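The values are calculated or read from the model by the stated rules, or taken from the named source; none is laboratory data. Since this is a predicted model, take the numbers as computed values, not measurements. In this analysis, Cβ positions are derived from the backbone assuming ideal geometry, glycine residues included, and neighbour counts consider all displayed protein chains.
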Amino acid sequence: MNETFSSLLKTVESMKPEEAGRILKTCEISTLFVICKNMNPTKLSKIMAFLDPTQAQAILQFSVMQSNSLKNSLPQKVNNLS
């Protein structure tokens, strides 16, 4: 993650959830995924309440897909633990 993106992410995380949600609502979904993927989960959960429900659902689906692809790339012994 580059310094500019890291700084932007800290700015979004420091905003009130409703302010961050209002700004993130206007982002393209691919941009929203990148931002959300790198956010603190606790802060993200508060912001998601202020996103469009379709956007929040897409973020959740993206997270699950990311989790599944990681799970599918792990050795079989590790996959058997879940």
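Things worth noting here:
- Any chance Phe33 is modelled with pLDDT of 95 or more and either over 12 Å from the mean Cα position of the chain (by Cα) or surrounded by 11 or more Cβ atoms within 10 Å (Cβ to Cβ) (or both): no
- Matching residues, region 9-33, being without any contact (Cβ under 8 Å) to a residue 12 or more places away in the chain and assigned to a helix (DSSP H, G or I): Lys10, Thr11, Ser14, Glu19, Ile23, Ser30, Thr31
- So Ile59, is it of a type in the set (A, V, I, L, M), surrounded by 12 or more Cβ atoms within 10 Å (Cβ to Cβ), modelled with pLDDT of 95 or more and in a helix (DSSP H, G or I): no
- Residue list for region 35-52, filter: touching a residue at least 24 places away in the same chain (Cβ under 8 Å) and either of a type in the set (Val, Ile, Thr) or in a loop (DSSP other than H, G, I, E, B) (or both): Ile35, Asn38, Met39, Asn40, Ile47, Ala49, Phe50, Leu51, Asp52
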